[in-house]
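Asker: I'd like to ask you about the structure that follows.
The values are calculated or read from the model by the stated rules, or taken from the named source; none is laboratory data. Remember, it's a predicted structure, so these values are computed and weren't measured experimentally. Reconstructed Cβ throughout: ideal geometry from the backbone, glycine too, with neighbour counts over all protein chains shown.
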Amino acid sequence: MPKNLTFFLALLSFVLPAASQQDGFSYIGFRRGDANSSNISLNGVAEIEDSGILQLTNETSRLIGHAFYPDRLQFKNATDGAAFSFSTAFAFAAVPEYPALGGHGLAFVIAPSKELQGALPSQYLGLLNANDVGNFSNHVFAVEFDTVQDFEFGDINDNHVGIDINNLVSNASTTVAYYGYDGKKNNISLKAGHTLQAWVDYDGVGKVLNVTVSPFSTKPPRPLLSFPVWDPGFSYISKEYQLYGAYLILM
């Protein structure tokens, strides 16, 4: 049975070359004042610690913590309807109550609103609920970092990265690992409590989404997961020109 899992976020950056301009943001650590200003929007159990770490969950089970960039970002070209390229990088750590057991996961999310009405914790990752899983009207795109194998959604194991489009059944997923310069694939445990770095990059021209993970701050030469985004659902997430860029986490 999954136990409590605390997630921490140390830094994040996001770049969106929208309308030939570089739109983006960067957090190198966090401040308590950020949550009381327009710098970041927190809800649920998410809070900023004195150390400058963003604690997304705590030791309480079945609760949700969200941290959003507070302003709308334009993800879609108003002229031809194509989704813009974007890149994000963030450092996070998952600290389980019991190292051998997980507590579901964290997700990088793009959604049309900060208010994910009816979203549930646990296997729903604070994103969806039993009634809206798989609905194209969700307009939700997520990259999940999951520490529980949920057979309801066809999870491959209890230590995986998945690309989710309007659904918690991943369009593509793989065991968490990184590729070294020697081409060797090195497995990583999400539940080990160590700080990991993740990169999510979308090539709007080639229509390919790449996800990369590493225990080091240097980006590996090869992405862990590459997904050709030909699924019509990806265009549906950017149906509205203005979408929120967000980090979400649940417990």
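Asker: Just to check your reading of the model, which residue among Asn77, Asn58 is polar (S, T, N, Q), in contact with a strand residue (DSSP E or B) (Cβ under 8 Å, 6 or more places away or on another chain), modelled with pLDDT under 80 and within 26 Å of Phe216 (Cα to Cα)?
Answerer: Going through Asn77, Asn58 in turn, the sole match is Asn58.
Asker: Right, here's the next one. Could you tell me which of the residues Val200, Val148, Val140 is touching a residue at least 12 places away in the same chain (Cβ under 8 Å), farther than 23 Å from Leu12 by Cα and aliphatic (A, V, I, L, M)?
Answerer: Val148
Asker: Here's something else I'd like to know. For the list (1) touching a Gly at 6+ places or on another chain (Cβ under 7 Å); (2) closer than 22 Å to Thr88 by Cβ; (3) modelled with pLDDT of 95 or more; (4) not β-branched (Val, Ile, Thr), I need the number of the one condition that Tyr178 fails.
Answerer: (1)
Asker: Continuing with this model, one more query. Only residues in segment 102-122 that are within 15 Å of Asp155 (Cα to Cα) and in a loop (DSSP other than H, G, I, E, B) count as the first member; pair them with residues that are of a type in the set (Lys, Arg) and modelled with pLDDT under 75, Cβ under 7 angstrom, at least 6 apart or cross-chain, and list the lot.
Answerer: Filtered contacts from segment 102-122: Gly103/Lys3.
Asker: Quick one: what pairs do we get from segment 207-218, first residue within 13 Å of His194 (Cα to Cα), second crowded, with 21+ Cβ neighbours inside 10 Å and β-branched (Val, Ile, Thr), C-beta under 9 Å, 6+ apart or different chains?
Answerer: Taking only residues 6 or more apart or on different chains, the pairs are Val213/Val161; Val213/Val176.
Asker: Out of the residues in segment 209-232 meeting the condition of being under 20 Å from Ala111 (Cα atoms) and surrounded by 19 or more Cβ atoms within 10 Å (Cβ to Cβ), tell me which one is modelled with the lowest pLDDT.
Answerer: So the residue we want is Val229.
Asker: When segment 149-185 is examined, which residues are found to be under 23 Å from Tyr202 (Cβ atoms) and in contact with a helix residue (DSSP H, G or I) (Cβ under 7 Å, 6 or more places away or on another chain)?
Answerer: Phe153, Ile165, Asn166, Leu168, Val169
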